[in-house]
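No lab work stands behind these numbers, since they all come straight from the coordinates. All of these numbers come straight from a predicted model, not from anything done at the bench. We place every Cβ from the backbone using ideal geometry, glycine too, and count neighbours over all the protein chains shown.
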């Protein structure tokens, strides 16, 4: 009976404690990986949302009917036109401003006019941003692009969404179509 009481009162063995510590270590490593992945996804969500919005704004701007600004003579007509907004400048202007940090843009950086750039698209960002944004037009095609460097190693991640003016072949004329998904290159870089 004394031997049984002595066996019940003893503590954990060293092997049992080492197994518990190993299990806790594995769980901690998995948790750290999951948290890093979650934080990275939260940061890249900015780029995904912004390029989607830029592409939709480009489509809306194309669908807006434009007319000449000159005064029409009595009994005259003017034609309606649809056109893509012209290429924008990059915001921020240099990738070094977003390498491993956030950038707070100035309202004046989102410039342009009725036919070109960010003002034509009616796009701007007021909050600090992880990514550099550009809108590029080439003929009947356009791209909304976000470049970022979340870890500061000079390798840029790229998120881009393409669109194009296509002839519908019917009385509807030309329409703007947008790619079904965003192209992601090194999204977590």
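Things worth noting here:
- Label separation (residue 39 vs residue 141): 3.8 nm, computed from points 7 Å beyond Cα along the C-beta direction.
- Relative contact order computed over the stretch 110-189 (Cα-Cα under 8 Å; 6+ residues apart), in percent: 21
- Using the Cβ-Cβ distance between residue 64 and residue 89 with R0 set to 22 Å, the FRET efficiency works out to roughly 0.50.
- Highest mean first, the peptides 90-102, 34-46, 72-84, 129-141 sorted by other C-beta atoms within 10 Å per residue fall in the order 129-141, 90-102, 34-46, 72-84.
- Residue-averaged 222 nm ellipticity for the chain, from DSSP H runs of 4+ at -39500 (n - 2.57), nearest 500: -11500 deg cm²/dmol
- Across the chain, C-alpha contacts under 8 Å between residues 6 or more apart give a mean separation that, scaled by the residue count, equals a relative contact order of 19 percent.
- The candidate values were [x] 31; [y] 51; [z] 56; the one computed from these coordinates for percent of Cα pairs over 26 Å apart carries the label [y].
- The angle separating the long axis of helix 14-63 from the principal Cα axis of greatest extent in the chain is about 10 degrees.
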